[in-house]
Structure formats: structure tokens, C-alpha cells
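The values are calculated or read from the model by the stated rules, or taken from the named source; none is laboratory data. Everything numeric here is computed off the predicted structure, so don't read it as measured data. Cβ coordinates were reconstructed from backbone atoms using ideal geometry, including for glycine residues, and neighbour counts include every protein chain displayed. Side chains included, ligands, DNA and RNA excluded: accessible areas come from the protein's heavy atoms. Shrake-Rupley method; radii C 1.70, N 1.55, O 1.52, S 1.80 Å.
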Amino acid sequence: VQLQASGGGLVQAGGSLRLSCATSEATANVYAVGWFRQGSEKEREFVATLSRSGGRPYYSDSVKGRFTISRDNAKNTVYLQMNSLKPEDTAVYYCAAGRTIMSALSTPRGYNYWGQGTQVTVSS
């Protein structure tokens, strides 16, 4: 599967952005599709994902309650709605897919396919 991330940009703290991850094929019940981010001089960290079976959402503690992951099956697209953005959310955001087991949903090594990344910058 190929992934194309888009929707990043510059926003003030407290603002919102919606990221999109367009996939080359249907992912429901086939792949887990998630979002990770990597800030400057930081390791890539888990943000949110939809599990392979049932499409259940999971979030990191740092974004829970502010971000929402969803999927539009008709468009083969997974979204990340980001609200109440903070400067610490600044990073390159990557979408990823894989036949990921539950125990690996929050780890980059659990995903085989990656999009190119989209920059999100939150100003204070």
C-alpha cells in the first residue's frame, strides 16, 4: 500500500488542523493505519492509530481528548483532526500502515508502509 500525507501548515496555539492520509487501496480490516510524529532532534513518537480489526482508535496520552482519528472508506483516506494545538505538537507528521498486531500498534516498527510526512508548526 502507498500512503500520501497532506494538510500540514502553520497555526497559532489553540487552533486546529486536519491531516489527511490517502491510501492506494482500501485499509479497513486489512491494515492498521496510524499517525506518528517526529520533532526536531526527537525520536519518532506514536500519535494515534486505527486497529486493523474493527478500526478501533487508540491515542497517545499527550493527544487524547484533542485529536481524533477517523477513516472515510469511500475515499480510502484516514484523517487526523487536531484541535487545541500546542507548540509542543510541532513536528513532521507521518502516516503509516501495516498488518500490525495489537501489541505493536504504538510502535513505529509495527508498521511496514510510510507516507512522506507533512510539517505541522504551532506558534505560541
Q: Compute the separation of the alpha-carbon centres of segment 46-74 and segment 1-37 and state it in Å as a whole number.
A: 10 Å
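Assuming R0 = 22 Å, what is the FRET efficiency of GLN119 and LYS75, from their Cβ-Cβ distance, to the nearest 0.05? The partial results should precede the final answer.
Values: r = 23 Å, r/R0 = 1.04.
Once rounded, the FRET efficiency stands at 0.45.
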Q. In the neighborhood of GLY98, defined by Cβ-to-Cβ distances under 13 Å, what is the net charge if each Lys or Arg adds +1 and each Asp or Glu adds -1?
A. +3
Q) Given Cα pairs under 8 Å that are at least 6 residues apart, what percent is the relative contact order of the chain? A) 35 percent
Q. Cross-link partners among lysines for LYS86, C-alpha distance below 29 Å, same-chain residues fewer than 8 apart left out?
A. LYS42, LYS64
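For the chain, report the accessible area per residue in Å² (1.4 Å probe, heavy atoms, rounded to an integer).
Per-residue value: 51 Å².
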Q) For VAL33, what charge total do you get from the other residues with a beta carbon under 9 Å from its beta carbon, if Lys and Arg give +1 and Asp and Glu give -1? A) +2
**Q.** Cut-off under 5 Å, modelled amide H: who pairs with PHE67 long-range
**A.** ASN83
Q) Of all the C-alpha pairs in segment 48-124, what % are more than 22 Å from each other? A) 24 percent
Q.
What does the charge count around ALA13 come to, taking other residues whose C-beta lies under 15 Å from its C-beta (Lys +1, Arg +1, Asp -1, Glu -1)?
A. 0
